[in-house]
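Scroll down for the structure; my scribbles are underneath it.
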Amino acid sequence: MAPALKLLDSSLRLSAIPLSVATIWLTVTNQEDNSSYGSLKYTNLKGLEYMVGISAICAGYAFVAAIATWIRCLVNKAWLFFISDQVIAYLMVTSGAAIMEILYLAYNGDQDITWSEACSSYGKFCSRVKLALVLHVLALCCFIVLAVISAYRAFSIFEPPFVPSKEVEEDRA
């Protein structure tokens, strides 16, 4: 792998770690009390728990993968990084989508099933969830670029397919 690409790969992996840890911290410490409706914590919403779990997996994988990119025997396993980066990126997309749905319902409610919006009563909680979602999406962007880099590494070891020219085809006819 080219030194510039290796540096970009490592930088993105190392950048994903604090973004994921900050997402976890913001989500886990997020709670708000309301005298009318009671206390709201991240454990009340399974989507937030899912995002915390995926962020923890992301941070752990990014740390191990950042170290592995500098160890020669593991770098040659391009397919391992390709598949792992894809899986992490997809998991992050699913957890981000779950949080977007929670935020949508918290801000807008759902009149068809008589759910009212909740962010007017739990504004601080909603704001922190939005910030956690932004950090999660930034980590996701790192993994999208990493997925492209690992795909390039995995597929660049193969020669492009041979396409016969028209002259060769005409000679055969």
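A short reminder: the numbers here are calculations on the coordinates, not readings from a lab. Computed from a prediction, not measured in an experiment: that's the story for all the values here. Neighbour counts run over all protein chains shown; Cβ positions are idealised from the backbone, glycine included.
Numbers at a glance
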read-out: Cβ-based charge dipole, the chain, positive-most Cα from Ala98, Cys142, Pro18; value: Pro18
read-out: Under 13 Å, Cβ to Cβ, from Ala16 - net charge with Lys/Arg +1 and Asp/Glu -1; value: -1
read-out: Cα-centred dipole magnitude for segment 3-172, charges only on beta-carbon of K, R (+1) and D, E (-1), debye, nearest 20; value: 700 debye
read-out: Calculated FRET value between Val137 and Ser10, using beta carbons and R₀ = 22 Å, to 0.05; value: 0.55
read-out: Bins of 10 Å from zero: percent of alpha-carbon pairs in segment 37-89; value: 21, 38, 20, 13, 6, 2
read-out: Relative contact order (percent, whole number), segment 3-172, Cα cutoff 8 Å, 6+ residue spacing; value: 33 percent
read-out: Alpha-carbon spread of the chain, three principal axes, descending order, Å; value: 84, 44, 20
